[in-house]
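The values are calculated or read from the model by the stated rules, or taken from the named source; none is laboratory data. Given the structure is predicted, the values throughout are model-derived calculations rather than measurements. Virtual Cβ from ideal backbone geometry, glycine too; neighbours counted across all protein chains shown.
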Amino acid sequence: MPEGIEIEYYRRLAERVLDRRVVAVDAPDPWFLKGGLIGGALADAVVGRRFVAARRVGKLLLLDTDADGPTVGLRFGMTGRLIVDGVAGVDDLQYSSQRDEPAWDRVAFTFDAGDLRIRDPRRLGGVVLDPDESSLGFDLLTISAAQLRRALAGSTAPVKARLMDQARVAGVGNLIADEVLWRAGIDPAREAGSLSDPEIRRLHKHLRAGVGAMIERGGSHTGDLFAERRPGGRCPRDGAPLVRRTVGGRTTWSCPRHQR
DNA sequence: ATTGTGGCCTGCCCGC
DNA sequence: TGCGGGCAGGCCACAA
């Protein structure tokens, strides 16, 4: 599913359309338009303009328009793919369909050459105009150790829940959270505020290194833990049978031996 | 404010 | 072979 890593791939892909002129917007699914937006208003806002920057904060992809026009915010839920000029931003999207159905196109921007579209079977993504970026926390690719400390401090919530709280740390989804906590040897259910300074620094180190490795390997499903997230799965580090729980409302796999 | 829960959406997979 | 139920999780509304 798209987490911050996949959205970063989408952002890079979206850079292809910069400086092209939007000639049409097709939004066949009103459900997909968020924040009171309607198809006609979206088209009015961007047709004739050009996208001049493709930015990303967490799992939110932002396309800025020229001449102080609006910013288009794109969300992908867990099954949304970005497709630019017929090229998909990722080819292996976990938990989504491997099929390719044009009927799943929920929004499409057509340019003077080529197009950009979101293909989302489950319709959990969406499009919003001028999204509120200030409600998002520190981005997972640039967060500092001090910022991570601030995101976790004083909380009784599970550390995994805080990591996935987009208002605290933006871009961490379920797979990334499990992977980095496993790498750092920290129990996902630990109270966030109970982590010591050395543990926070260790978590930060593994967050940066783990995300970096997964970006290079090709996605949030390429972590060392991923293949063992299944019944009968064993810890790749010490061989202990993994434990499946619900933490922070999400299916969580962890090693009872080395994650403390 | 913080934390937890349930619902939304729908393709897919398993068991009967 | 068909069918029904459960599952996946990002996000949001809502409750305590």
Scope the range A:22-43; condition at pLDDT below 95, exposed (fewer than 13 other Cβ atoms within 10 Å of the Cβ) and more than 16 Å from residue A:131 (Cα to Cα); matching residues: A:28, A:30, A:31, A:40
Going through the range A:190-218 in order, the residues found to be hydroxyl-bearing (Ser, Thr, Tyr) and part of a loop (DSSP other than H, G, I, E, B) are A:196
Return yes when residue A:40 is farther than 11 Å from residue A:2 by Cβ and part of a loop (DSSP other than H, G, I, E, B) and no when it is not. no
Report every pair of residues separated by at least 6 positions or lying on different chains whose Cβ atoms are under 9 Å apart, first residue within the range A:169-189 and part of a helix (DSSP H, G or I), second among the basic types (Lys, Arg) and surrounded by 24 or more Cβ atoms within 10 Å (Cβ to Cβ). A:174/A:160; A:177/A:160; A:178/A:160; A:181/A:160
With respect to residue A:110, determine if the residue is outside the structural domain of residue A:22 (by TED's automatic domain parsing), away from DNA strand B (no atom under 15 Å from the Cβ) and either in contact with a Cys (Cβ under 9 Å, 6 or more places away or on another chain) or under 21 Å from residue A:64 (Cβ atoms) (or both). no
Residue tally, condition within 12 Å of DNA strand B (Cβ to nearest atom) and basic (Lys, Arg), over the range A:148-185: 4
Candidates A:155, A:196, filtered to the one that is farther than 26 Å from residue A:48 by Cα and out of contact with any Gly (no Cβ under 7 Å at 6 or more places or on another chain): A:196
Exactly one condition in (1) in the same structural domain as residue A:108 (by TED's automatic domain parsing); (2) away from DNA strand B (no atom under 15 Å from the Cβ) is false for residue A:208; which is it? (1)
Here the qualifying pairs (Cβ atoms under 8 Å; residues six or more apart or on different chains; first in the range A:83-99 and on the phi > 0 side of the Ramachandran plot and assigned to a loop (DSSP other than H, G, I, E, B); second within 15 Å of DNA strand C (Cβ to nearest atom) and modelled with pLDDT of 65 or more) come out as A:95/A:1; A:95/A:78; A:95/A:79
Within the range A:238-260, the count of residues that are touching a residue at least 40 places away in the same chain (Cβ under 8 Å), away from DNA strand C (no atom under 16 Å from the Cβ) and over 25 Å from residue A:141 (Cβ atoms) comes to 3
Which one is nearest to residue A:7 (Cα to Cα), of the residues in the range A:185-209 that are crowded, with 21+ Cβ neighbours inside 10 Å and out of contact with any strand residue (DSSP E or B) (no Cβ under 8 Å at 6 or more places or on another chain)? A:207
